[in-house]
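Note sheet for the following structure.
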């Protein structure tokens, strides 16, 4: 721990005596990393852990200044393995950060249908499915894989590798059939699997009125960039989950814009609004 405080003092001396362009860039990079870490842990259990770690550092500093030897020794011993502790405590946030880096446009390519005709056909089939299921009040959970791979989710269900069609999707979700309970995962222009198991939402702000289907739809979007369409079997209302936020109700015009966003790779005005709305809503609930 003495090495840590020596490093801090050296950094302070360097900042006040020989600050250069490289040092400024270095500071900005560290500041951005800290800011992104705070953004990732916001509204999660990690935010409380981060505050606790910060408080512990303050106590260690005060105990050193006040000469509280026993307390300083105890906290210093805990912080000796700080890197390992951070990895254990912030595993979900670190995973989310790495996934976000992996979804960078510099690394991955946008997904879209091969042609306008193919895209329109897929969109029409999905809209027809949502309309029919909503009218008949048949529950549905459809997950669209984006840049984050969902192979682990696909492996929990029954693999299909089938072309997207309204009759097939409606038949999958028909009550009392083998595949109706669970989620369908769509990758590009194929139904990859049905009856998949999704993680439930962790956010404490999820309404108690929502059932397991909605909580599962929100849950998969909390840790991935997947887009989920949900049909309630109680009300027939269509919803969309994206970035951990539920948009409800979802009109057919809104649904078409969202599907255009998925298959054209171009963000429509409505899709951009839904994203910003979700961020504003998340901030308001904080």
Handout entry: Length released on extending from residue 127 to residue 252, taking residue separation times 0.36 nm less the Cα-Cα span
Key = 44.3 nm
Practice task
Can you put 210, 79 in order of Cβ neighbours within 10 angstrom, beginning with the fewest?
Solution key: 79, 210
Practice task
Taking 7 Å along the Cα-to-C-beta vector as the label spot, tell me the residue 212-residue 73 distance in nanometres, rounded to one decimal.
Solution key: 5.4
Exercise for the section: Among 134, 115, rank each residue by its count of other Cβ atoms within 10 Å, from fewest to most, as a rough exposure measure. Expected result: 115, 134
Practice task
Arrange 135, 248, 215 by Cβ neighbour counts within 10 Å, fewest through most, would you?
Solution key: 135, 248, 215
Fill in the blank from the handout: Rounded to 0.05, the calculated FRET efficiency for the beta carbons of residue 88 and residue 33 at R₀ = 22 Å is 0.70
Exercise for the section: Determine, from the Cβ-Cβ distance of residue 58 and residue 26 and an R0 of 22 Å, the FRET efficiency 1/(1 + (r/R0)^6), rounded to the nearest 0.05. Expected result: 0.35
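No lab work stands behind these numbers, since they all come straight from the coordinates. The structure displayed is predicted, hence computed values, not measured ones. FYI the Cβ positions are ideal-geometry reconstructions off the backbone, even for glycines, and counts take in every protein chain you see.
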